[in-house]
Amino acid sequence: MLSMYDPIPIGMNEFQVRVDLVMAYRNLLAGGVPDSGKSAFLQNIGCYGLLCDHTHFVLLDGKQVELGLFLPALDDDDIFVGPDLDKAIRVLKRLQNLITKRSDWLLERRRRKFTRYDPVDTYLVFLDEVAFYSTAVGTKEQRNEFVTLLRDIVSRGRYVGVILVAATQRPSVDVIPKSLRDVFAYRAAFRCMSKGSSDIVLGDEMSAQGYDAADIPMSSPGVCWLLAENGVTPSKIKAAYLTDDQIIHIVDFAAWTRRTGRTDRRGLRKAASPFLNVA
Ligand SMILES: Nc1ncnc2c1ncn2[C@@H]1O[C@H](COP(=O)(O)OP(=O)(O)OP(=O)(O)O)[C@@H](O)[C@H]1O
Ligand SMILES: [Mg+2]
C-alpha cells in the first residue's frame, strides 16, 4: 500500500519535471474560476489517498458529484456530506473532538506529532467548494461557525493526522478570510478573474511579483501557480488529470483493497484503536 507520508505525484512543472507534494503535516487550498481544474486536482490527491494504508475520508461536497465518484470505496469510518450545512458542522465538530483527543494522547507521551510509524489513521478531509458552506446556505451564525471550525481544523489538525484539502470557485475575502488562507501551507491558484483573486489564494502582493493566476488562459485547465516547497515562490505547474473512467477504475480497486485491508483472515472487521473513535 502507499502512504500519505510519501510524496504524491501531482503534475509537471514548466521544465517537464514531475512535481510531487507531501501532504502529511500540510493542508492545501485551491482557488480559481469554474472549470479551471480544481476538482481534478483534488481528485488526484483523493485517488492517491484511496490507495494508501490507514487513511480515512471525510468528503464535504456541496455539489455531490465532484467527490461522489469516491462513494463506492468509502466504508463506515468514512463520511460523505452533501449540501447539508448542519451535517457539515456536526462532522467538523467531531473532527475537532478527534484532534483534541489525539493532541491529549501526544501530550501524555511528551510528543509533538504523529509519524508514519504510529498506529494512527490519517483523516483526509476534502472540501469541494468552500463558498457553498461558508456563504451560500444556512444562517449567518451557522456559516460563521463553519468557518471558525474550519480554521481550527486547518491550524491544529495537521500534526495529528487530519489533513484538509479545500477548493473554491470564489477566491474572495468573504469566502476565504485572510486569517483562514494564511493557515494553509500549500496553495494552488488556478485561472482567476483578477489579480486580487489570485492574491487571495497565493498571498498579498504575489501578483505584483509576477505570480498572477489571472494570466493563465481559460483554455488551459489544470495549469496553476503552486505555492508549496519553500512556501515563498510559487511555481507554475500543469496538474495531472485522471478521466472519470480512470477514477472509477481506481475507486473500484480501492473498494476491494480497503475492504480486505480492514478485515482479518476470517473476514471479520479489525478493531480500531480506541482513542481514534470520534463518537
Ligand atoms: N489537469 C488537467 N488537464 C487537462 N484537462 C483538465 C485538467 N483539469 C481539468 N481539466 C478539464 O477541465 C474540466 C473542468 O475541470 P474541473 O471540474 O476540475 O474544474 P473545476 O475548477 O473544479 O470547476 P468548478 O469550479 O465548476 O467545480 C474537466 O472536465 C477537464 O475536461
Ligand atoms: Mg469543481
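The values are calculated or read from the model by the stated rules, or taken from the named source; none is laboratory data. None of the values given here were measured: they were computed from a predicted structure. Quick reminder, even Gly has a Cβ in these numbers, built from the backbone with ideal geometry, and neighbours come from all protein chains shown. Heavy atoms of the whole protein, side chains included, go into the accessibility calculation; ligands, DNA and RNA do not. Shrake-Rupley method; radii C 1.70, N 1.55, O 1.52, S 1.80 Å.
Given a 1.4 angstrom probe, what's the average accessible area per residue across the chain, in square angstrom?
On the way: 13100 Å² over 279 residues.
Accessible surface, normalised per residue, equals 47 Å².
If you roll a 1.4 Å probe over the stretch 7-276 with all protein chains in place, what percent of the accessible area is carbon or sulfur?
Working: 6710 of 12550 Å².
With neighbouring chains kept in place, the figure for the stretch 7-276 is 53 percent.
Of Thr115, Gln209, Leu227, which is farthest towards the positive pole of the chain's charge dipole, taken about the Cα centre with +1 and -1 on the beta-carbons of Lys, Arg and Asp, Glu respectively?
Projecting each Cα onto the dipole axis, the largest value belongs to Thr115.
Relative to the longest principal axis of the chain, what angle (0 to 90°, nearest 10) does the C-alpha long axis of helix 140-157 take?
70 degrees
So if the hydrodynamic radius of the chain is defined as the Kirkwood radius over C-alpha pairs, what does Stokes-Einstein give as its diffusion coefficient at 10 °C and 1.306 mPa s, in µm² per second?
Details: Rh = 19.1 Å.
In µm²/s, the coefficient is 83.
Let me have the relative contact order for the stretch 7-276, percent, based on Cα pairs under 8 Å that are six or more residues apart.
Working: 483 pairs, mean separation 76.9, N = 270.
Relative contact order, the stretch 7-276: 28 percent.
Apply the Karplus parameterisation 6.51 cos²θ - 1.76 cosθ + 1.60, with θ equal to phi minus 60°, to every residue of the stretch 126-133 and state each ³J(HN,Hα) to the nearest whole Hz, in sequence, with x for glycine and proline.
9, 10, 9, 5, 4, 4, 4, 7
Can you flag which of Lys63/Lys178; Lys87/Lys178; Lys113/Lys236; Lys178/Lys236 are past 27 Å Cα-Cα?
Values: Lys63/Lys178 25 Å; Lys87/Lys178 25 Å; Lys113/Lys236 31 Å; Lys178/Lys236 23 Å.
Violating the 27 Å limit, Cα to Cα: Lys113/Lys236.
Under the Karplus relation 6.51 cos²θ - 1.76 cosθ + 1.60, θ = phi - 60°, what is the ordered set of whole-Hz ³J(HN,Hα) values for the stretch 199-215, x standing for Gly and Pro?
So the J values, rounded to whole Hz, are 5, 4, 7, 7, x, 4, 6, 4, 5, 5, 8, x, 9, 10, 6, 6, 7.
Just to make sure I understand: if all protein chains stay in place, what is the order of Trp225, Trp256 by accessible area at 1.4 Å, largest first?
On the way: Trp225 30, Trp256 140 Å².
Heavy-atom accessible area, descending, gives Trp256, Trp225.
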